[in-house]
Amino acid sequence: MILPLSIPSPELQYLQLGPFRIYFYALCIIVGIIIAGIWTARRLGQRGGERGAVFDFLVWSLVLGILGARLYHVVTHWGDYFGEGKNPFEIFAFWNGGIAIFGALIGGAIGVLIASRITGIRFWSFADALVPGLLIAQAVGRLGNWFNHELFGGPTTLPWGLEIESTNAAFPIGLPEGTLFHPTFLYEALWNILGIVVLLAVERKWRPRWGTFFALYLIWYGVGRAFTESLRVDPSLLFLGVRTNVLAAILAIVVGIALFILRRHRHVGLENTVYLPGRRHPGDTVLADTADTNEYYHVIDRGDGTSVSASETEALPDASLEPASGVEPSKTH
């Protein structure tokens, strides 16, 4: 039954520009990544890091994150790609939907670790700076599920139920046309936005660092994801009768709690720099490298609009120190 406040599924799923087809699902992910990148660069710069280093992190985490997200989805939805009447090559058609956030987090974490070694920025310092951007990216990305008419929850009579066409392959068999479903995409998006507000308030008051802020993200996201995932009706791999994504959400909570305790125990002081020992901001490199006065000298102004270093004056001939022609040297009285 369609209710006055029910949420209709979008009629358009893509834009057709000549021979090119641009899916709103992909656009949501791209927009989320851009927002996360800009926000993280700003936060990293405020902590003394190089803002441009975010590009290195973005490239590595994006590539490995997409691979991890797709691989996780394929493994947990094995029957969709392998078996009688299935086309295994569909595992490469990620533009048709089918990526998993937990896989993206695992692959992205590997990418961040690689970028950390390249840029010299601490893994956990970057992870802490990433938290609000990651949450907003996940919230925007969930709108892609809405455009794709996928990953909805079970039937509901709540006024904000989601309208799904009965011809949808994921529409539960036996339910009448017009049945409304839990808009799990909206639940998770709102939970992530609330998480930004709550976690930033925590950060302003207690300034968690050394990876503890990222640990709080894992706990927050795991709690919300465990709830929304338990509502969904799409097929998923089960382990001990529980959806693997629910187990992954619980694991995220456990890892977050353990990480928070361990990092708090190991690092009790302030985080004075986001850089690894022996590494520094590229903008400070020149000043640090030229600080040795035995190697680099101050510039001496000769008064004629040019300058010469003190080391160069030692090589000047004695005549250069004589007064100019026609000028009588001063006498001592």
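The values are calculated or read from the model by the stated rules, or taken from the named source; none is laboratory data. None of these values were measured; they are calculated from a predicted model. So basically every Cβ, Gly included, is an ideal-geometry build from the backbone, and we count neighbours across all protein chains shown. Note: accessible area is taken over every heavy atom of the protein model, side chains too, but ligands, DNA and RNA are not part of it. Shrake-Rupley method; radii C 1.70, N 1.55, O 1.52, S 1.80 Å.
Some notes on this structure:
- In region 265-273, the condition of being in contact with a helix residue (DSSP H, G or I) (Cβ under 9 Å, 6 or more places away or on another chain), farther than 30 Å from Arg142 by Cβ and either among the basic types (Lys, Arg) or open to solvent by 40 Å² or more (accessible area, probe 1.4 Å) (or both) is met by at least one residue.
- The single residue among Gly79, Gly98, Gly49 that is outside any helix (DSSP H, G or I) and at pLDDT below 70 turns out to be Gly98.
- Residue count, region 1-43 (criterion: open to solvent by less than 50 Å² (accessible area, probe 1.4 Å) and either modelled with pLDDT of 95 or more or not in a loop (DSSP other than H, G, I, E, B) (or both)): 12
- Residues of region 121-134 that turn out to be open to solvent by 20 Å² or more (accessible area, probe 1.4 Å) and either out of contact with any Gly (no Cβ under 6 Å at 6 or more places or on another chain) or at positive phi (or both), as a count: 4
- Within region 204-230, the set of residues being open to solvent by 20 Å² or more (accessible area, probe 1.4 Å) and either assigned to a helix (DSSP H, G or I) or hydroxyl-bearing (Ser, Thr, Tyr) (or both) comprises Arg204, Lys205, Trp206, Phe214, Leu216, Leu218, Ile219, Trp220, Val223, Ala226, Phe227, Ser230.
- Cβ-Cβ contacts under 6 Å between residues 6 or more apart (or on different chains), taken from a first residue in region 173-187 that is closer than 13 Å to Leu143 by Cβ to a second residue that is of a type in the set (Lys, Arg) and surrounded by 20 or more Cβ atoms within 10 Å (Cβ to Cβ), are listed as Thr184/Arg232; Phe185/Arg142.
- The listed residues are Leu262, Leu247, Leu276, Leu238, and the only one of them that is open to solvent by 100 Å² or more (accessible area, probe 1.4 Å), modelled with pLDDT of 75 or more and either basic (Lys, Arg) or under 26 Å from the mean Cα position of the chain (by Cα) (or both) turns out to be Leu262.
- Among the conditions (1) out of contact with any helix residue (DSSP H, G or I) (no Cβ under 8 Å at 6 or more places or on another chain); (2) among the small types (Gly, Ala, Ser); (3) under 29 Å from Leu194 (Cα atoms); (4) open to solvent by 20 Å² or more (accessible area, probe 1.4 Å), Ala137 misses just one, which is (1).
- Scanning region 46-78 for residues that are over 17 Å from Asp128 (Cα atoms) and open to solvent by 50 Å² or more (accessible area, probe 1.4 Å) gives Val59, Trp60, Leu62, Val63, Ile66, Leu67, Leu71, Val75, Trp78.
- For region 192-203, filtered to residues that are β-branched (Val, Ile, Thr) and either in contact with a Leu (Cβ under 7 Å, 6 or more places away or on another chain) or at positive phi (or both), the residue that is least open to solvent (accessible area, probe 1.4 Å) is Ile196.
- Near pairs, Cβ below 6 angstrom, 6+ apart or cross-chain, from region 237-266 (in contact (Cβ under 8 Å) with a residue 24 or more places away in the chain) to any residue that is outside any helix (DSSP H, G or I): Thr244/Leu237; Arg263/Trp210; Arg263/Gly211
- Subset of region 139-192 [under 11 Å from Ser6 (Cα atoms) and of a type in the set (A, V, I, L, M, F, W, C)]: Leu158, Trp160, Leu162, Ile164, Leu180, Phe181
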